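K.L.:
Below you will find the structure I want to go over with you.
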2 protein chains.
Amino acid sequence: MGDDGRLHAIDDDEASAADQSLAIDIYPLSNYYFGSKQPLLFKDETLADRVLRMKSNYAAYGLRTCVEAVLLVELFKHPHLLLFQIRNSIFKLPGGRLRPNESDIDGLTRKLSRKLSADGASDASDWEVGECLGMWWRPDFETLLFPYLSSNVKGAKECTKLFLVKLPEGRKFVVPKNLKLIAVPLCQIHENHKTYGPVISGIPQLLSKFSFNIIEN
Amino acid sequence: MGDDGRLHAIDDDEASAADQSLAIDIYPLSNYYFGSKQPLLFKDETLADRVLRMKSNYAAYGLRTCVEAVLLVELFKHPHLLLFQIRNSIFKLPGGRLRPNESDIDGLTRKLSRKLSADGASDASDWEVGECLGMWWRPDFETLLFPYLSSNVKGAKECTKLFLVKLPEGRKFVVPKNLKLIAVPLCQIHENHKTYGPVISGIPQLLSKFSFNIIEN
């Protein structure tokens, strides 16, 4: 049952080991242009307010679904993830909450246009929403997110779905003035729960089945 | 740009939020039978010996590829992962190293039959190897595994690929006497690096895009 001792030279290129995996084309950060637009209004609320709002929304609409985008660019030959940085300490993926009956793709496209495109100039074709990479569940209003549903959970309160969104070779991002868009290398995000939280810090793993085609100018 | 205020009742079943995701059928642990067979011989070596062996193998064959299986069963209405427990403290996914020029699927099938099927009685059709869930890279002999390749790495030394392997409704597992096969709930594995290491503890995230159909007798 042991190895049969054959001695063949194999192609030691990593591309060979990854040959059955999917490839993602990523383009240099310098291919993209960044402008700004009017700030977005955010609800300024305490954690207790937020829980109250979630409870009242749950009573009216049931399970709340959030959709978020994984957008990648290349910098220093390494894939970087685009994140919003809020008040220096909070990092968020672009995305947001679905309206009742809205599809994942429609909702994510709407949210991306609102936070990353020029007002009025954007349409759905701006964003190529790809596969769902993962889902996180909030079993109760006050709890953390988990990547599974426990058997003793009756009705989950919130589901967050991450989608790979493929960027074109170049485009302009127009970002509200009160949001800061940054590019963070995957190697800094990996297992860095403390800074990025469980969802974002797990993204390098969710992407690990892909090989990256870095397309230089 | 705010919500349009429509108030529709939505289906708050989690299945609805997960409707665009893939489903995995999982069966109760009690559907499976467990027997034992002769112990497998393992190389009993120090870490230094192991690094030496990896270096000599790399010189002869190049990048080493390991393939490992994610096998799921249901217990207490929660998905459980099948793992080998070695000397009470080490946990491993079923799988192993590819022979030179061997395909991922051939190699994984061979390893699963060797460690989980009756000798001689098994064939490739025993195992339904599904999609690649993730890949981990060892950039150098002495380093940890990472879910990406850094730009400054010339030639990675090892790639570990995780595959979802779908179990049939029932089957017999025949396990070498010196291995212990256990079923561990996803909720115990999630983020438990200390016990299970980075690869296994990330599996709940890699599986989070799937919904589980628990099929009871």
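The values are calculated or read from the model by the stated rules, or taken from the named source; none is laboratory data. Every value quoted in this text rests on a predicted model; they were computed, and no experiment measured them. Glycine gets a Cβ as well: all are built from the backbone with ideal geometry, and neighbour counts include every protein chain shown. These area figures cover heavy atoms from the full protein model, side chains too; ligands, DNA and RNA do not enter into them. Shrake-Rupley method; radii C 1.70, N 1.55, O 1.52, S 1.80 Å.
K.L.:
Which value, in debye to the nearest 20, gives the size of the charge dipole of the range B:38-130 about its Cα centre, when Lys and Arg are +1 and Asp and Glu are -1 at the Cβ?
P.N.:
440 debye
K.L.:
Given labels modelled 7 Å from the Cα in the Cβ direction, how far is it in nm from B:SER30 to A:TYR33?
P.N.:
Roughly 6.6 nm, to one decimal.
K.L.:
Another one. Work out the mean other chain Cβ neighbour count within 10 Å for the residues of A:181-187 and drop it here as an integer.
P.N.:
For this peptide, the per-residue mean of nearby foreign Cβ atoms is 2.
K.L.:
Check each of the chymotrypsin sites (Phe, Trp or Tyr not before Pro) in the range A:125-184 and keep only those in coil by DSSP with at most 14 other C-beta atoms within 10 angstrom; list them in order.
P.N.:
A:PHE141
K.L.:
Further question: So the label point sits 7 Å from Cα along the Cα-to-Cβ vector; using that for A:ASP119, what distances do you get to the other copies, in nanometres, sorted shortest first?
P.N.:
Spelled out, the distances from A:ASP119's label point are 7.6 nm.
K.L.:
Which residue is it, in chain B, that holds its beta carbon closest to the axis of the B-onto-A rotation, and how many whole angstrom away?
P.N.:
Per the Cβ-to-axis criterion, the result reads B:GLN205, 3.
K.L.:
Per residue of A:203-216, count partner chain C-beta atoms within 10 Å of its C-beta, then hand back the mean as an integer.
P.N.:
Per residue, the number of nearby Cβ atoms from other chains is 5 on average.
K.L.:
How far apart, in nm, are the 7 Å Cα→Cβ label points at A:ASP106 and A:ASN213?
P.N.:
3.3 nm
K.L.:
May I ask you to order A:177-190, B:104-117, A:28-41 by the average number of other C-beta atoms within 10 Å around their residues, highest value first?
P.N.:
Those peptides, ordered most packed to least, come out B:104-117, A:177-190, A:28-41.
K.L.:
Taking a ≥ b ≥ c as the square roots of the eigenvalues of the Cα gyration tensor of chain A, is the shape rounded (a/c under 1.5), prolate (a/b larger than b/c) or oblate?
P.N.:
Since a/c reaches 1.5 but b/c is at least a/b, the shape of chain A is classed as oblate.
K.L.:
Using the heavy atoms of the protein chains alone and a 1.4 angstrom probe, what is the accessible area of the protein assembly as shown per residue in square angstrom?
P.N.:
49 Å²
K.L.:
How many nm separate the modelled label positions at B:ARG97 and A:ASP126, each set 7 Å beyond the Cα in the direction of the Cβ?
P.N.:
5.2 nm
K.L.:
Another question, if that's okay. Exposed loop GluC sites (Glu not before Pro) only (DSSP loop, at most 12 other Cβ atoms within 10 Å): please give the longest stretch of chain B free of them, not including the sites.
P.N.:
B:46-141
K.L.:
Put a label point 7 Å from Cα along the Cβ direction on A:LYS77, then list its distances to the equivalent points in the other copies in nm, shortest first.
P.N.:
Going from nearest to farthest copy, the values are 5.3 nm.
K.L.:
Could I ask something else about it? Is the range A:94-217 rounded, prolate or oblate when judged by the Cα gyration tensor, a ≥ b ≥ c being the square roots of its eigenvalues, rounded requiring a/c under 1.5 and prolate requiring a/b larger than b/c?
P.N.:
It comes out oblate by the Cα gyration axes.
K.L.:
Read phi for every residue in the range B:202-217 and hand back ³J(HN,Hα) as whole Hz from Karplus 6.51 cos²θ - 1.76 cosθ + 1.60, θ = phi - 60°, with x for Gly and Pro.
P.N.:
Whole-Hz 3J(HN,Hα) from phi for the range B:202-217: x, 4, x, 5, 5, 8, 5, 6, 8, 9, 9, 8, 7, 9, 8, 5.
K.L.:
Sequence-distant or interchain residues sharing an amide H contact under 5 Å with B:GLY134, placed H: which?
P.N.:
HN-HN under 5 Å from B:GLY134: B:LEU162.
K.L.:
According to the Cα gyration tensor, what semi-axes, each the square root of 5 times an eigenvalue, does the equivalent ellipsoid of the range A:66-122 have, listed from largest to smallest in whole Å?
P.N.:
After diagonalising the Cα gyration tensor, the semi-axes are 23, 14, 12 Å.
K.L.:
Just checking the output field for B:134-141: average partner chain Cβ neighbours within 10 Å of each residue's Cβ?
P.N.:
Whole-number average of other-chain Cβ neighbours for B:134-141 is 3.
K.L.:
Grab the other residues whose beta carbon is less than 14 angstrom from that of B:LYS37, score K and R as +1, D and E as -1, and report the net.
P.N.:
After counting each charged neighbour, the total is +4.
K.L.:
Estimate the FRET efficiency between B:LYS77 and B:LEU40 by the formula 1/(1 + (r/R0)^6), using the beta-carbon distance for r and 30 Å for R0, to the nearest 0.05.
P.N.:
With R0 = 30 Å, the Cβ-Cβ based efficiency is 0.35.
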